[in-house]
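Below: the structure, in structure tokens.
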């Protein structure tokens, strides 16, 4: 019969509680991740489920207001915004719709009566950053990746609305926090951080959603507030929304838009 040395027995006995603790910790973490995923699945169902996931395009009409240091800056501007997943965005400004911004792939252009020109890099980067961290990207890309880490963080208030907070960390170490309304499960707030390219510290971006209306079966926020480092920088007030429009074949072509704008 083999004899177990006293020191070996002691090591085995010491290791057993540690192994049990690790297993318990893994089980708790998995339960928390499952709770977070369940909350995000509830959000998707509240937004429209499979129909929402397969929206072809959305057209939004309304007014947009810019802010500086939290205060309104130069009133509001009419805007018409078109989005098609995954990387086509068109914004028409003014009631004459004669100032058109395109964000196609990772490029941006402005089209006016003077023709087409490339948008400033910092403006394009800011838009693409928000696109990369959008709720749509989190749902359609991050949640499909098994390497994405999810955490359920419990109750959270957003402008007197009670919600639950969940966070997602992508395989590329990008992190987004989303607060969902406790009753409706609709998004109340989304937040992420990104390193400032000039000062190299972290900027905090947030977007808050309010005044939901159901359009074509899709709950749609009619007030959207953008916040950066604690200050409101933009508010959008929606007046009309259309889903799944039949857009012209050249709709996403900046050169075609330039030909249509009167000089």
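Any read-out appearing in this document is the output of simple, stated calculations on the displayed coordinates, not a laboratory observation. The structure presented is a predicted model; accordingly, all values stated were derived computationally and were not measured. Using ideal geometry, Cβ is built from the backbone for each residue, glycine included, and neighbour counts are taken over all protein chains shown.
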Open item on the list: Between the range 157-221 and the range 24-101, how far is it from one alpha carbon centroid to the other, in angstrom?
Closed with: 10 Å
- [ ] For the range 136-221, calculate the relative contact order in percent as a whole number, restricting contacts to Cα pairs under 8 Å that are 6 or more residues apart.
- [x] 16 percent
Task: Between 0 and 90°, nearest 10: helix 6-47 axis offset from the chain longest Cα axis - done: 30 degrees
Open item on the list: Which of 216, 89 has the fewest other C-beta atoms within 10 Å, and how do the rest follow up to the most?
Closed with: 216, 89
TODO: Mind sorting out which of [x] 20.7; [y] 14.6; [z] 18.3 is the real mean projected area of the Cα convex hull in nm² computed from the coordinates?
DONE: [x]
Open item on the list: Could you tell me the relative contact order of the chain? Use alpha-carbon pairs under 8 Å, at least six residues apart, and round to a whole percent.
Closed with: 20 percent
Task: Helix-only mean residue ellipticity at 222 nm for the chain, each DSSP H run of n ≥ 4 adding -39500 (n - 2.57), per residue, nearest 500 - done: -9000 deg cm²/dmol
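If we count other beta carbons within 10 Å of each Cβ, what is the order of 113, 199, 81, fewest first?
Ascending number of Cβ neighbours within 10 Å: 199, 113, 81.
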Task: Ranked packing of 60-66, 152-158, most packed first, by mean Cβ within 10 Å - done: 60-66, 152-158
- [ ] Quick one: order 222, 68 by neighbouring beta-carbon count within 10 Å, fewest to most.
- [x] 68, 222
